[in-house]
1. Of chain A, which part is the longest with no trypsin sites (Lys or Arg not before Pro) in a loop (DSSP not H, G, I, E, B) and with at most 16 other C-beta atoms within 10 angstrom?
2. Springs between alpha-carbon atoms under 10 Å, Gaussian network over chain A: tell me which of A:N59, A:N109, A:N122 tops the mean-square fluctuations.
3. Build a GNM of chain C with springs between Cα atoms under 10 Å: which of C:G233, C:G55, C:G137 gets the top mean-square fluctuation?
4. Working only with C-alpha atoms, what are the Rg and Dmax values of region A:108-157, expressed in angstrom?
5. For the pair C:F45 and B:T221, how long in nm is the line joining their label points, each one 7 Å along Cα→Cβ?
6. Select from C:S121, C:F41, C:L303 the residue farthest towards the positive end of the dipole of chain C; place +1 on Cβ of Lys and Arg, -1 on Cβ of Asp and Glu, and compute about the Cα centre.
7. In deg cm²/dmol, rounded to 500, what helix-only [θ] at 222 nm does chain A give when every DSSP H run of at least 4 residues adds -39500 (n - 2.57) and the total is split over its residues?
8. Whole-Hz ³J(HN,Hα) for each residue in region B:281-289, computed from phi via Karplus 6.51 cos²θ - 1.76 cosθ + 1.60 with θ = phi - 60°, x for glycine and proline: what do you get?
Amino acid sequence: MQTETPQYAIETRNLSIFYGPFEAVKDVDLKIEKGKITAIIGPSGCGKSTLLRAFNRMNDFVPTSHVNGEILMHGINLYSKEIDPVEVRRRIGMVFQKPNPFPKSIYENIAWGARINGFKGNMDELVEQSLRGAALWDEVKDKLKESAYALSGGQQQRLCIARTIAIQPEIILMDEPASALDPISTLRIEELMQELKQNYTIIIVTHNMQQAARVSDFTAMMMLFGETRSGTVIEYDKTDIIFTRPGDKRTEDYVTGRFG
Amino acid sequence: MAKDLYPNKDDLQKFVDARYRTAWVWQTVFLSALLIAILALSALILNVVDGAFGYVVYEFKKDPALVSEKPIDDLNQTELIALLKDNLSRGAYNKLNNEKVMETRSEGELYGLVIERIIQVKTLKTYPLFESLFNRAAIEAEVAEKFPGARLEFRSWLTPDFLTTPMSSRAEFAGVRTALFGTLWMVSIAISFALPVGIGAAIYLQEYASKKSLMNKIIQTNINNLAGVPSIVYGMLGLAIFVRAFEALTSGALFGVTDSNGRTILSAGLTMGILVLPLVIINAQEAIKAVPDSIRQAAYGVGATRWQTVWSHVLPNALPGILTGSILAMSRAVGETAPLIIVGASTFISVDPSGPFSKFTALPIQIYQWTARAQSEFHAIAAAAIIVLLVLLLTLNATAILLRNRFQRRY
Amino acid sequence: MTTETQSLAPVPEQNSVPVSLRRKLRLGEGLLEAILFVVGFLTIFVTVSIVVVLGDQALLFFNDPQVGFREFFLTTQWQPSIGQFGIWALVSATLTTSAIAMLVALPLGLSSAIYLSEYASPRARSVLKPILEVLAGIPTVVYGYFALLFVTPLLRNLIGTENLGVYNMLSAGVVMGIMILPLIASMSEDALSAVPNSLREAAYAMGATPFEASIQVIVPAALSGIGAAIIVGLSRAVGETMIVAVASGATSKFTFNPLEAAETMTAHIARISGGDLSYNTIDYNSLFAIALVLFVVTLALNLFSQWIVSRFREQYE
Ligand SMILES: Nc1ncnc2c1ncn2[C@@H]1O[C@H](COP(=O)(O)OP(=O)(O)OP(=O)(O)O)[C@@H](O)[C@H]1O
Ligand SMILES: [Mg+2]
């Protein structure tokens, strides 16, 4: 067992992720800081989603995928045999690119996750707190019993965030959470992330450089390299450093839009 | 928010374990449902195989050893005819000779006649295959006790002869030749009606009809509903229309055939054609739908008319799918029984059908009839006929799958 | 017709469409479209014929002084020889066998579908699905043989030969259930597979076990398709002929006891019309009245299932 490293929410060591024989992500060593927002940026297909989904073992559902190396949370390797993926996903919540509420009522969308995870408290309270936490309460408080599909895309995405915080994870993963939304909804999600950061560690994948610069504290730059066209993290630092004086020429080209 | 409202360190493990247990139990339940289905399929197949082979107890009216000097197995054609002449009454012999001149009959046929008419084999009891294999001693003991003097023999009811001999009222001598021909004729007629009509309708619905017009919605809904109409209702339709209303046509009276009523192969074939029509249409529609629009647009882009587009681009690309669907429709026609009963497939007929105006019987009809008989030897030939039917269907479906894999296009 | 040179360099005509662009009358095209339409319309004609034929003969039956409309629909004795035509004697057997069939096919079919769509690996699925397809492709007369010569003896061994006769509705119903199982399984599996993966991911990302995800999220989302599958299965059971004709007996009897022998609507039609039946007798016409009832019931079920699908189609947006 590793010793506890308290300032980090999650740590990867020599992490490689495969789809069959194809090594999509290679040799990633990241230390994600607790209570901060970390952005992962990089060109399409470089393995950002793959890396993100590895953190809460969503890649388990791709039968061909497997992982080499370690992902540590509280010093425990999330991929070691005795670890329960279901519990991992409870501790590390995820918000997807396209809003994907359940075809149930707004209330049920939040209550369901709490219920299956054995929530013992007052459900109404939890629903309200979570919706408030996701800055959605005022808009939906009168229609909690209505279908979640009746909400706008931006509201649906905030509902997805609400249901994630309802199960009280430690880390929230977000894969391009605002890419399907208009600028105003995007802004609201970004504001929300700033509030959530008080209680949660957030890792966000984004294609939007301004967004990464605005919201994140740290930024990891990923890039394809080598014969195998595998993705890896080529630079990882405080966001303002990445965006003002990056150490790698490729990063500079990418963040300033001069990339290929 | 209060974290301790979720199960904490101590009861967390218990809680998660309990959830996993539930999940595991249910996964097992779901899997066992599939296993039960597989079990049922195996039971069905084993049951049929079990019935088609096994020990049979025969009794002879005349001991074959005493009928002639040479063992009858070694007799040639002329000797067999002489034997028949000697042992049958003149009337019976002449009747047989009138049905088919003795000299034109094959050795096998004559041998069958000798067994049937002179030796007069009677089946006393049949045993299923697995009992025959694993319980031989008990069977022999039972035969020795209950049927002294009878002969115990292992018999495969499914033989090449079974395929080539016509119907007989005696299970020991019956074959499915007549029924096979009936099925073949009937399916050919059904398909030559359903295929052109079905493909035409599918082309119209997919390529010509505007998807929004009320007429087409009605036609489409109607086709879906026709696919769900019970087959016996098609039988009633065929009975009223083909057998009765169009009797002049289906009996062949219009064409100078006189010895028949409307219960002919033609009536059955047309009834079956209508029955599989919705199936052909739906399958053809699926195949046509799978041809990507880009191909159509390319054709229109170089100035093709609609029919040119359909004929040179859509149909060739959809053809494997259409064929696969048609073969599946064919196998449906091969196995359907109820409509044939209604339009009056004959249950006992021993001459090959000679054309669309013949009376006929079909494979599933024979299976039904033989299964419904009380004597176990008929169950045995029912099992043998089922094997023939299933092999036929398997061949058809394998062809369909081969076609699909061979010609399947990925766009 | 324009000549080669003209079509290469069309002379612009004032106030009119250039000749080469004018709409041409394509007789062949029009004719073909007309033929195809007629062919498509033929299917409507089939339905109309069914309604007319069954209705016409059934009307003859109801106009017969021996039978009354009310007697037909409200009484429970079916004995044509003494002029009793109460369809409930046949309906009761149809209901009983269909209910048993659904009792077998529903849990098994649904479970199979859930297993195939939510648990099975692609390889396992590629083995298991064809088995269901084989089961679906077996002619029902073979199932009849199986019912009479395997399931019935088996059940008689279990329940006791004194309780269960050679012909009984239980065996026919059970085997009918096995016959319908693949239909329900494959339709339900289609519905389950149509649920977008994003919903599955959402459930798993909340820490759901596969069971919780499938039963509480995926199955509810596919409910309309599953409902349609169940109704289509029921309609198939109601219309099934050969299994009941072989295995459930040849006496019409008003009973809901699965251990008894009784004749369904379909089996009755098959038995009577299979014999030597003279046209235009009341027996003959009565078969069309039964067939009409059968047609209306199955049509209603099929329409209902289509309505469910279109009405409750999930948008997943
Ligand atoms: N399920 C899968 N099976 C096989 N290969 C996959 C799978 N998912 C992703 N890949 C491959 O892995 C590589 C990385 O994909 P990934 O989705 O992680 O990229 P990404 O950086 O998120 O791209 P984008 O910015 O377009 O979302 C790609 O080459 C992709 O083709
Ligand atoms: Mg991605």
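What follows draws every value from the coordinates through simple rules; no lab data is involved. Because the structure is a prediction, the values reported are computed rather than measured. Note: ideal-geometry Cβ built from the backbone for every residue, glycine included; neighbour counts use all protein chains shown.
1. On the way: sites that count: A:K34, A:K81, A:K120, A:K141, A:K143, A:K145, A:R229, A:R258.
The longest such stretch corresponds to A:146-228.
2. Ranking A:N59, A:N109, A:N122 by mean-square fluctuation puts A:N122 first.
3. Per the Cα network of chain C with a 10 Å cutoff, C:G137 tops the list.
4. 10.9, 31
5. For the pair C:F45/B:T221, the computed spacing is 2.2 nm.
6. Farthest towards the positive end: C:S121.
7. -9500 deg cm²/dmol
8. Per residue, the Karplus-derived 3J(HN,Hα) values read 4, 4, 5, 5, 4, 4, 5, 5, 4 Hz.
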